[in-house]
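J.: So that we are looking at the same thing, I have put the structure below in structure tokens.
The values are calculated or read from the model by the stated rules, or taken from the named source; none is laboratory data. Not measured: the values here are computed from a predicted model. Here Cβ is always computed from backbone atoms with ideal geometry, including for glycine, and neighbour counts include all displayed protein chains.
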Amino acid sequence: MPSYTNDQLLALTSMNGLTAEQISLRSLLIDMRGKEVDLEKRNFENETFKDQRAAKAARDKQFRAMTAQQQAEDARIKNTCVHKTGGMDKKNFFNGSGTLYGYCISKNVLPNGIEYAMCFRCTKEFYHPKDVQRYFPGYGEELISLKKAVTLGAFSLDEYMDMEKEFAFYWTCEARSMDDGSGQSKGGHMFLCHDMVARQNQEHKEFLEYLATLPVREQGRYANEVKGHMKFLRPVKDSKAAVAV
Ligand SMILES: [Zn+2]
């Protein structure tokens, strides 16, 4: 009976003449070789997976860096811009003189009655803080208006007042290049959301109650601003009358 090395046993094309022991050994060798191939394949897949994961992490990192850079540039432009028309040369695009037409601010009324101003150079938007809602950590899952947030102690009154002052400035600024000549803000198709108006008026009531709790000296400090609030307040009408034209 001839003896074979492992390689020879595997290389045989026929099992004729092999002992039971040799057949069993050959079968074991074939199994092992298959497992070796499987292992090699799995190692290759692991390497490929690691490469893909590293490539994805690199892409994600690059995307985050680009997004952060874009946001920083966007913020820089909005802080640089004086929101005025005119200005000499391209380098002064964000530093207009405003001499001829004033501000390059358009004043808009959204279909639900919310007013906002927007600069046509840097796209910065200005809202009255009563119309702005945000999430406040520790104050539930709901969006909260900045007005309500002041009464809850989640947002600073000074910041609120600054925002309102800024909005009032841009809402009333001279912007002749954006004027459509009607003498009115563009609210021709406006309708009022009854629930929103009711909420805002309720929040305003709570806001005034909150201001009344401040020390007298502070109340004096905010007196003018509080008066200013009134002009942004809309009456709650019945649902029929709330559809304005
Ligand atoms: Zn601007």
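J.: Name the residue that is farthest from the ligand (Cβ to nearest atom), counting only residues in the stretch 149-175 that are assigned to a loop (DSSP other than H, G, I, E, B) and in contact (Cβ under 8 Å) with a residue 12 or more places away in the chain.
T.: In this case the residue turns out to be ALA154.
J.: Within the stretch 221-239, can one find any residue that is at pLDDT 60 or above and not in a helix (DSSP H, G or I)?
T.: No; the residues of the stretch 221-239 include none that is at pLDDT 60 or above and not in a helix (DSSP H, G or I).
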